[in-house]
Amino acid sequence: MIARRIAALAFLAIVTFAGVRHQLDRTALAGDFRAFYCAGELARTGAFSYSETALAPCEQRRMGAAFFTALPGVAYPAPLPGYAVAAFIPLSLMNFTSATILWYAITMLAALLVAAMLALLRVASFDAAVMALAIPFGLVLIPVGELPWVALAGIAMLAVGTARSVRSLRIIGFICACSQPQIALAVLVALAALGRRYVIEAVSVVVALCCLSFITIGSHANIEYVTRFLPSHVAAETIRAQQYGVPWIVFQLGNSIMVAQWAGRIAFAIALVATFFYARALARRGDLTGACVIGPALALLGGPFVHEDHLVCAIPAALWLASRQSAFGVFAAIVLALPVESLFAQPVLLLAVPMVSASLTHAYVGKVRAALYAALGTTAYAACIAIAAARFGLILEPALPSAHGIWASYVAQHDVVKGWVIWLVKTPVWLALASVAIGAAYVTFTGLSQTEELNQCTVQPRGGEPQPL
């Protein structure tokens, strides 16, 4: 057990080092964190604005160590609500190098905290949880300093607080989930299905965060965020290759951005309705953990704005489903733990594909043969993508420069990819999210209640020894 934990932690450290090194080579190290840091600085000095012209002077200046460089002439947007901007004000008091190192350290500790909470919920052993989170954290989140890990930690805390009736954990968890508004909305709907006291807590948090937003950036910026900035940012990102939401699919099928956005809104509304019914049914069966974690996965399946980094928020639902002895859950956990776009940017890390798939399969199935088949299957698929990419390539097809601003024009010129190979890369993610929805439907509406499972079911952690739920 200790050896497996040490190996998992070493794997996380190695992947993180590789991810940071890769972003350093691309001059994009801490690129997203730079935008958040500058937003905090502007808010602290009373000059905050979502305008690129306000952020650009801060982002383009030299900040501390020479390896923190910005893309010339491009300002990363800071699409954060006012209350999230407030969290970066204290960090803006530090120099950028120190603030970045602290942010990286907090993010790494958060990965371990999430793994520990998932183990506490008995949906994964600690080492299996670390293996599932290692690549999303080490390659996707930590190097650029992105934010979805805060929402992930919030989901885990909320699930623990709900399952164990700890109000403070529920409140802190929901506050963290609000760092990603679309995730928070799904969580809020799930809490509404659980009962009045949960709704009162969540609404109280929303009111407090709204007050904090107005105090931090003022009424004008808050109104601008909702009415102008957020819609234009979503429109600019709709065509981006890194997007996994419904709008990207609709746009790639030949529709306009406006049609794609409306399709995303409709799909998101359906996902929220499904979240309510899933959460209510799971709560009635006594499975409060499932009720808390299923919403974010459904929100990402039907989401209007889904980056590769947001997908980490679906991992708790996949692991919860896998712990219910569901093949759908095991498949979803493996795919979500292996973000293909980031892996293929560093061919050496393709060696991680069989390692992660085998370890997660063995953790839940408990059979060496099954782990071997999973490793061979995922490696074969990765090889197919590699061969297809080498033979046919990802077709960069720049769009017309956008009128929405510098960032929108940059995306249109550098991040629009066409061709069938990109579908080969993305399809497993959609299948994984759909598997969570299908597998959860079986567990929720046709499976045993949690009380019955306590008497009849066991979870197979890595090593094959049965352990009561």
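Whether a residue is over 27 Å from residue 270 (Cβ atoms), within 14 Å of the chain's Cα centre (by Cα) and either open to solvent by less than 10 Å² (accessible area, probe 1.4 Å) or of a type in the set (Val, Ile, Thr) (or both) was assessed, and residue 145 passes this test.
Of the residues making up the range 155-175, those that are open to solvent by 30 Å² or more (accessible area, probe 1.4 Å) and either within 13 Å of the chain's Cα centre (by Cα) or of a type outside the set (A, V, I, L, M) (or both) number 4.
One residue alone among 385, 395 is modelled with pLDDT of 65 or more and either exposed (fewer than 15 other Cβ atoms within 10 Å of the Cβ) or closer than 30 Å to residue 280 by Cβ (or both), and that residue is 395. Per this entry, residue 101 is not counted among residues that are modelled with pLDDT of 95 or more and over 30 Å from residue 290 (Cβ atoms).
Residues checked against (1) out of contact with any strand residue (DSSP E or B) (no Cβ under 7 Å at 6 or more places or on another chain); (2) modelled with pLDDT under 95; (3) among the small types (Gly, Ala, Ser); (4) closer than 22 Å to residue 149 by Cβ:
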| position | (1), (2), (3), (4) |
| --- | --- |
| 236 | yes, yes, yes, no |
| 253 | yes, yes, no, no |
| 273 | yes, no, no, no |
| 283 | yes, yes, yes, no |
| 286 | yes, yes, yes, no |
| 301 | yes, no, no, yes |
| 304 | yes, yes, no, yes |
| 315 | yes, no, no, yes |
| 335 | yes, no, no, yes |
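Check the range 55-65 and report whether any residue there is farther than 18 Å from residue 98 by Cα, open to solvent by 30 Å² or more (accessible area, probe 1.4 Å) and either of a type in the set (A, V, I, L, M) or modelled with pLDDT of 85 or more (or both). Checked the range 55-65: at least one residue is farther than 18 Å from residue 98 by Cα, open to solvent by 30 Å² or more (accessible area, probe 1.4 Å) and either of a type in the set (A, V, I, L, M) or modelled with pLDDT of 85 or more (or both).
At pLDDT below 95, open to solvent by less than 20 Å² (accessible area, probe 1.4 Å), closer than 23 Å to residue 22 by Cα and not in a loop (DSSP other than H, G, I, E, B): does that describe residue 139? The answer is yes for residue 139. Looking only at the range 375-391, which residues are over 15 Å from residue 352 (Cα atoms) and in contact (Cβ under 8 Å) with a residue 12 or more places away in the chain? Answer for the range 375-391, where residues must be over 15 Å from residue 352 (Cα atoms) and in contact (Cβ under 8 Å) with a residue 12 or more places away in the chain: 384, 385, 388, 389. With the condition kept exactly as written, say whether any residue in the range 447-466 is at pLDDT 80 or above and either under 30 Å from residue 391 (Cβ atoms) or surrounded by fewer than 20 Cβ atoms within 10 Å (Cβ to Cβ) (or both). The answer is no, given that none of the residues of the range 447-466 is at pLDDT 80 or above and either under 30 Å from residue 391 (Cβ atoms) or surrounded by fewer than 20 Cβ atoms within 10 Å (Cβ to Cβ) (or both).
The condition (being β-branched (Val, Ile, Thr), without any contact (Cβ under 8 Å) to a residue 12 or more places away in the chain and not in a loop (DSSP other than H, G, I, E, B)) is satisfied by just one residue among 155, 217, 175, 200: 200.
The values are calculated or read from the model by the stated rules, or taken from the named source; none is laboratory data. The structure presented is a predicted model; accordingly, all values stated were derived computationally and were not measured. A quick note on method: Cβ atoms are made from the backbone with ideal geometry, for glycine too, and the neighbour counts reach across all protein chains shown. The accessibility values were calculated without ligands, DNA or RNA, using every heavy atom of the protein model including side chains. Shrake-Rupley method; radii C 1.70, N 1.55, O 1.52, S 1.80 Å.
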